[in-house]
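The values are calculated or read from the model by the stated rules, or taken from the named source; none is laboratory data. Keep in mind the model is a prediction, meaning the values are calculated, not measured. A quick note on method: Cβ atoms are made from the backbone with ideal geometry, for glycine too, and the neighbour counts reach across all protein chains shown. Each accessible area value is taken on the protein alone, full model and side chains, heavy atoms only, with ligands, DNA and RNA left out. Shrake-Rupley method; radii C 1.70, N 1.55, O 1.52, S 1.80 Å.
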Amino acid sequence: EARLSGGLYQCANEATTLLIGSPEAIFARTNKHLAQEHEACSRMLARGLRVVAIARTSSTSNDVNHVELLGILGMQDAIRPEVSSLVEQARKAGLRVVMATGDHLETALYVGKQTGIYQEDRGDTILEGNDFKNLEKEDLNKKLLTTTVIARVTPQDKLDIIRAYHYKGVIVGMT
């Protein structure tokens, strides 16, 4: 999956394609060394921000593999104050809480820690969408026993996650 979108715009009598997407998708399409941008992105992700990159190309073709990075933007999607206590109540009631999100791994980990969904001292683990897709059924079943955060998943991945839990006989509720 590309994890970016774009549109063709007329700017000062010149056709320009503007793109917005995940930093890794945009960075992969530039031909410059982006050490400072990678570092800035990492700092934002570590603070739990949702980060997008913005780029442009003067190409009017569908070739968006050589772009000029315009910038990166970090947005905070505030965690509602009651979430942590609700997660704890669910656990006390015997429910297991797992978060599956399209967010970057670092953002998902931050949210998981802040809400109590992910607790390293409890042996919780994290899984990325690509890793999820590449696991054999037996390995996936083992991994799902400890995984509480699944990052960079697509809507299809979420359905596959539900199916994997159903295969194990687990009742699943999703919001």
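One table, with the values for the structure above:
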read-out	value
Projected-area average for the chain over all orientations - Cα convex hull basis, square nanometres	12.2 nm²
Dipole moment magnitude, nearest 20 debye, the chain about Cα centre, only Lys, Arg, Asp, Glu C-beta charged	480 debye
Qualifying lysines (Cα of each under 24 Å from Cα of LYS168; at least 8 residues distant if same chain)	LYS92, LYS133, LYS137, LYS142, LYS143, LYS158
Theoretical ellipticity at 222 nm over the chain - DSSP helices of four or more residues, -39500 (n - 2.57) apiece, nearest 500	-10500 deg cm²/dmol
Potential lengthening between ALA12 and LYS137 on full extension [0.36 nm per residue; Cα-Cα distance subtracted]	39.6 nm
Accessible-area ranking of LYS137, LYS143, largest first, probe 1.4 Å	LYS137, LYS143
Rounded to the nearest 10 Å², the accessible area of ILE126 at probe 1.4 Å	50 Å²
Solvent-accessible area per residue for the chain (1.4 angstrom probe, square angstrom)	62 Å²
Heavy-atom accessible surface of the chain: percent carbon and sulfur, 1.4 Å	50 percent
Reachable aspartates and glutamates from LYS113, criterion Cα separation under 12 angstrom, eight or more residues apart if same chain	ASP121, ASP124
